[in-house]
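Notes follow once the structure below has been shown.
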Amino acid sequence: MRHLMRALIVMGGVLGALVLLQNRIHSAGRIQEENLQQQPTQGDWYVNVARPGRPVTMAIPDFEIGTADAAEAGKTLSEVVWNDMEFASIYRLLPKRLYSIAGNPADAKKIDFYQWESIGADILIRAVSEVQRDRLVTEVRIYAVLAQEMVFGKRYDGPLTAARRMAHRIADDILLQAGNYRGINQTKLAFASDRRGEQSKEIYLMDYDGFDQKPLTANKSLNLTPTWSPDGRALAYISYRTGQPSLYRAFIYEGRGDTIVSGAGMTFSPSWSPDGKLIAFSSTRDGNSEIYVANADGTDMRRLTHHASIDTSPAWSPTGREIAFTSDRTGAPQIYAMDTEGLNLRRISFEGSYNDSPSWSPSREYSELTYASRIERGPFDIVVYDFQTKQTRQLTTGRGSNESSDWSPNGLHLVFTSTRSGTSQIFSMNRDGSNQRQLTREGNNTTPQWGPVPGQDS
Amino acid sequence: MRWTSRILWLSLSSLMSLSLACGGKDERAPATTSGGPANLPRATTTAPPRPTPVDEGPDTMGSEDDSLRSVSDPDNIFGRTLDEINADSPLRDVPFDFDSAVLLDSARPILDQTAEWLRTYSTVTLLVEGHCDERGTVEYNLALGERRATAAFNYLVSLGIPASRLKTISYGKEFPLDPGHTEQAWARNRRAHFEVTSK
């Protein structure tokens, strides 16, 4: 049986083609936006809502339903926005049971700000959804409760089927307008999954919250370790589709792909540079596993490491000037960094007997690197190294083996795999290890990579 | 040119094996820990012993010795398809210690038998697959599996098997033989596995 499957894997490569992933954004139609008239505000009002000594609080009542046929979409919008805001962990969300005190008037002019203030709300979100000419139309307003003014308002107009997508966009707008945070609610994750059969792994995509999981590849071979292009329009990944592990690229919204690096030895562990121009990867083409860099189309390949040990798992720094990687040159796998010429090598991890899979935080605020660390002889846990304090903090503890951590685009969250439920599943969490959520449940799911925030044009 | 680099790599990797052995890894399964540096001279043995009846150490896997039966029964190969051969393979897996691609003492008789079998069936070609247990990371295990496959490849070549009859590939930890999460399952999964690709 196994050999048969193995043969299938090779065969599958020939037959295999990229599943044409429709550009959901485009095929489902655009969500149009229009700012609502708002009162003039003074400067960074959101700084002023904060009261010393406690986190900023936010009230998000269920979206009002303007027309009866918008009930279902309105419910979805309420749930998804709430879930997004809860995950963001920026504001303390006031429990909904308190809201009845403040009432729920349909007319903004009748908002009793004193009542909202009395239940402790700093920011109030009000939204109303209705169906107009088969389109879902939602108006969202953000109020500063103390100042008793509307500080932001926007009208969203999209297909009826796009409630989740609209909700993620609303949540990102709330985070940006109410707190100047760059939300990640519209991002996607790429990962490898064996859910279609245990002798193959395909690359899958899903929303950041685990919804809408769908395959990108369908070649019944081993497809591993995806990495996103910084514009979010392409993925590079490893496939065994020809029998020889090679590096491929898929343009996910165009349904086409190409081979970037193949040939001698095996090619694996790709990492796309922050400017999109280069891809770093490991290859055994010169004998043992070394790190190489090539243009994103595979041309101009050059070798960065020259060592008889295993050098693998390259990860770019957010500036694109350094590459972190794993090497067992001291006898056990440890994390190192070098510049993109392969020079100025320095060792980063000193704790743990086995450290691998580094990922550099893209955050502007924090200078951090996450990786999987094996402490003593136990399983792996996710740790974060802070370049400023030179301290390492452990984010997961002793529940299964936790590996393959990667940052959200704003550096506030991480995605990782854990075997805590028996199989390998994908989880997300905050950068302090709190708020851990399981995103996948089917088959084994590995090497998640958090995609970029989609551009304004999509 | 490629050949010389292959040889260079060969000597490099045996050097590496040495240094790894010197590293005194304490990760090996308890059953195989028979002393640290004292093992070193055995690891450097250059003249491999002739194939001998299996003398299995506690860390080798499987107890049935199919290889002798196969050698004495040529029809076993030519009367069967590749799939059938690989489904009931005369070639046994080569075991490894955790995070190591150093050939164990118990691996050598297995490789010696493999070489003997390849001499008997001189047209057979093999794919040497390197596999790892689940405890390493995905990326690192892809490299480690390659190194295990190469270790088995190099040893077979050193016994006179033409390199042209062998190809290597790493499957990392993607295809465990035993889905369990025990020391025993991990030991079974750390292996170089042989697939007959033509006969």
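The values are calculated or read from the model by the stated rules, or taken from the named source; none is laboratory data. What you see is a predicted model; the values in this text were computed from it and never measured. Neighbour counts run over all protein chains shown; Cβ positions are idealised from the backbone, glycine included. Surface accessibility is based on the protein's heavy atoms, side chains included, excluding ligands, DNA and RNA. Shrake-Rupley method; radii C 1.70, N 1.55, O 1.52, S 1.80 Å.
For this structure, a couple of remarks:
- Size of the range B:109-199: Rg and Dmax of its alpha carbons, in Å, are 13.6, 39.
- Per-residue average of Cβ from other chains inside 10 Å of A:303-313: 3
- Expressed as a whole percent, the accessible surface of the range A:379-426 that belongs to carbon and sulfur atoms is 48, based on a 1.4 Å probe.
- Take every Cα pair under 8 Å whose residues are at least 6 apart in sequence, average their separation, divide by the length of the range B:65-199, and the relative contact order is 33 percent.
- Stokes-Einstein D in µm²/s, Kirkwood radius over Cα pairs - the range B:89-158 at 4 °C with 1.567 mPa s viscosity: 102 µm²/s
- Mean Cβ neighbour count within 10 Å, used as a protection proxy, ranking A:254-264, A:435-445 highest first: A:435-445, A:254-264
- Violating pairs (Cα-Cα greater than 32 angstrom) within the set A:LYS154/A:LYS390; A:LYS277/A:LYS390; A:LYS214/B:LYS199: A:LYS154/A:LYS390; A:LYS214/B:LYS199
- In chain A, the convex hull through the Cα atoms has an average projected area of 24.0 nm², a quarter of its surface area.
- Relative packing of A:398-405, A:142-149, which averages over residues the other C-beta atoms within 10 Å, highest first: A:398-405, A:142-149
- Entry note, chain A: relative contact order of 12 percent, from Cα contacts under 8 Å with a spacing of 6+ residues.
- With every protein chain in place, the range A:206-316: carbon and sulfur % of accessible area (1.4 Å): 47 percent
- For the range B:130-153, a drop of 20 Å² or more in accessible area on going from the chain alone to the assembled protein chains (1.4 Å probe) is found at B:ARG135, B:THR137, B:VAL138, B:GLU139, B:TYR140, B:LEU142, B:ALA143, B:GLU146, B:ARG147.
- Cα gyration tensor shape for the range A:252-291, rounded if a/c is under 1.5, else prolate or oblate: oblate
- Interface residues in the range A:354-374 - accessible area drops by 20 Å² or more relative to the isolated chain, probe 1.4 Å: A:TYR354, A:ASP356, A:SER357, A:ARG374
- Against chain A, whose longest principal axis is taken from its Cα atoms, helix A:2-15 shows a tilt of about 70°.
- Straight-line cross-link partners of B:LYS173 among the lysines, defined as a Cα under 16 Å from its Cα and at least 8 positions apart when in the same chain: A:LYS201.
- Peptide A:274-287 is shielded by partner chain Cβ atoms: per residue, an average of 2 of them sit within 10 Å of its Cβ.
- For the range A:66-191, the extents of the C-alpha atoms along the principal axes are 43, 35, 25 Å, listed from largest to smallest.
- Packing, as the average of other Cβ atoms within 10 Å across residues, places the peptides B:156-162, B:98-104, A:91-97 in the order B:98-104, B:156-162, A:91-97, highest first.
- Across the accessible surface of the range A:114-201, with the other protein chains kept in place and a 1.4 Å probe, carbon and sulfur atoms take up 42 percent.
- Ellipsoid semi-axes in whole angstrom, largest first, where each is sqrt(5λ) of the Cα gyration tensor of the range A:284-402: 25, 18, 12
- Total accessible surface hidden between A and B, rounded to 100 Å², 1.4 Å probe: 3400 Å²
- Principal-axis tilt of helix A:163-179 within chain A, Cα atoms, nearest 10 degrees: 80 degrees
- Subtracting the Cα-Cα distance of A:SER118 and A:ALA147 from their residue separation scaled by 0.36 nm leaves 9.1 nm.
- Overall, the range A:300-371 carries a charge dipole of about 140 debye about its Cα centre when +1 sits on the Cβ of Lys and Arg and -1 on the Cβ of Asp and Glu, all other atoms neutral.
- Stokes-Einstein D in µm²/s, Kirkwood radius over Cα pairs - the range A:276-346 at 10 °C with 1.306 mPa s viscosity: 132 µm²/s
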